[in-house]
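Contents: one structure, followed by commentary.
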Amino acid sequence: MALQSPESGEEKGPWEAEEKEPVSSPEPELTVSTRGPGSGPGPGFQPPEGGYGWLVVFAATWCNGSIFGIQNSFGIIYTLLLEEEKGEKSQQEFKAAWVGALAMGMIFLCSPIVSIFTDRMGCRIPATAGAAVAFIGLLTSSFTNSLEARFFTYGILFGCGSSFAFQPSLVILGHYFQRRLGLANGVVAAASSLFSMSFPFLMKMLGEKIKLAHTFQVLSIFMLILMFLSLTYRPLLPTTPNSRAKLGRSVWQQCVGHLSNYCNMRVFYYRTYRIWAFGIATAALGYFIPYVHLMKYVDKQFTGEKKIEDTWVLLVCIGATSGIGRLVSGRISDSIPGLKKIYLQVIAFMLLGLMCVMIPLCKGFGGLIVVCLFLGLCDGFFTTIMAPVAFELVGPMQASQAIGYLLGMMALPMTAGPPIAGLLHNCFENYHVAFYFAGVPPMIGGIILFFVPLFHRKMPNKQERDSSKDKMLASDTIMNGELLPGVPATEAHI
């Protein structure tokens, strides 16, 4: 469908071209072409589709598997923290929950900032620096027994470092794969899920053998290895010089110009995006509670003859079905046209809430295993559908920052959820109310998301989506003013 003329005065859809500001020289078009041997950097680029790129895939797999293997196994660290803490018992669950909640929340809170750094500096520098900060956070956590100190070392340092290390690992794959990008993403998703499944068993064994402090030291080795693997993130995409004239502009005008380039707030102009983001942020309030409190709940619920030794199996079940859910949901979403794929998120949230409510109702360990299998499946569907829905709501040119803002909005409720559940445990002296509470926000979020396609159909001047046209637009309409995210303007062509 033809793009509407800016002079028409009609509101443009999210997948339509923006009106360009006058520049001193014409902007080069983004095309895909293969450069001949020995030729200089041309206007187009053809990814190698393998070779050195598979080493980058391995680095991205190590990043995803190690970071979320540690984060999603925090329930084991939580029990070790409670065993080690000697303070007032009524405040232990509340304070210990903040350690893991801060770490997970910082991953999401830093996402918009990481997007800007990645677009400006490339993938390698933020990822390497982030892995170094995460390494320092885990290592320093081993030298203190204070929960307050671990709020900073584990919650802030490890959380922020993980965010800076994780996000570039998603961007860099597009530098090495185009035709086989789906395969590369599938390999990373499946392999990292298998990788992270080993962490509950590893952390449980380390906690019993060498206690919490040395466990942090062992886990820091994974971040040290990640720091060196992040050096493999060599950008291959050619950069496009910024043709906007800077001469005659004041420092303030240049700062405002840079801010508008890298902090694109236009995504919030779309009512459907605002509704979608609010629904997901609401659901995030209960999302992380099972990961933190499930292990301690099992220890308290099954005592005496019913005591369960291998509680880490529950986290393995969540990780296993999460990987399956990511692979299956990606293929299913490809077969669902338009914004109707958001109903997969609706089902995932409703089922996630129901499973959280079912946890206190399970009388046997087998029932908890079934619940955890469904929890992991819901997690896989929710995370995989996020990017396709963002593309449908705001278009490919603004999808990167739309996802970044969404993750940032999820940070506060995701951080607050586990401490609130710990506070409810202190008040009622059991976890039943805490898990009932965990199930309510995902259900509310699912209900909110159900109405997004209905509002989307009522939008005026709704245009037929055609991503192939967007990919051929002039380079100054590409997100954040760069050719593609992760291409540093100051780095030489490789």
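The values are calculated or read from the model by the stated rules, or taken from the named source; none is laboratory data. Predicted model only: the values in this text are computed from it and were never measured. Counting neighbours? That spans all protein chains shown, and the Cβs are built from the backbone with ideal geometry, glycine included. These accessible areas exclude ligands, DNA and RNA; they are computed on the full protein's heavy atoms, side chains included. Shrake-Rupley method; radii C 1.70, N 1.55, O 1.52, S 1.80 Å.
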Legend entry - Mean accessible surface per residue for the range 47-234, computed with a 1.4 Å probe while every protein chain stays in place, in Å²: 36
Legend entry - Ranking by accessible area, most exposed first, for 218, 452 with a 1.4 Å probe: 218, 452
Inset, instruction - Over the range 263-459, calculate the relative contact order: mean separation of alpha carbon pairs under 8 Å at least 6 apart, over the residue count, as a percent. - result: 43
Inset, instruction - For residue 278 and residue 201, compute 0.36 nm times the residue count separating them, minus their Cα-Cα distance, and round to one decimal in nm. - result: 24.1 nm
Inset, instruction - With a 10 Å radius around each residue's Cβ, average the other Cβ atoms per peptide and rank 420-431, 129-140, highest first. - result: 129-140, 420-431
Inset, instruction - Report, to the nearest whole %, how much of the accessible area of the range 299-426 belongs to carbon and sulfur atoms, 1.4 Å probe, protein only. - result: 71
Inset, instruction - Provide the per residue accessible area, probe 1.4 Å, for the range 263-459, rounded to a whole number of square angstrom. - result: 39
Inset, instruction - Sort out for me the Cα centre separation of the range 139-218 from the range 283-304, rounded to whole Å. - result: 20
Legend entry - Sulfur and carbon atoms: percent of accessible area, the range 47-234 [1.4 Å]: 71
Legend entry - Calculated FRET value between residue 336 and residue 58, using beta carbons and R₀ = 51 Å, to 0.05: 0.95
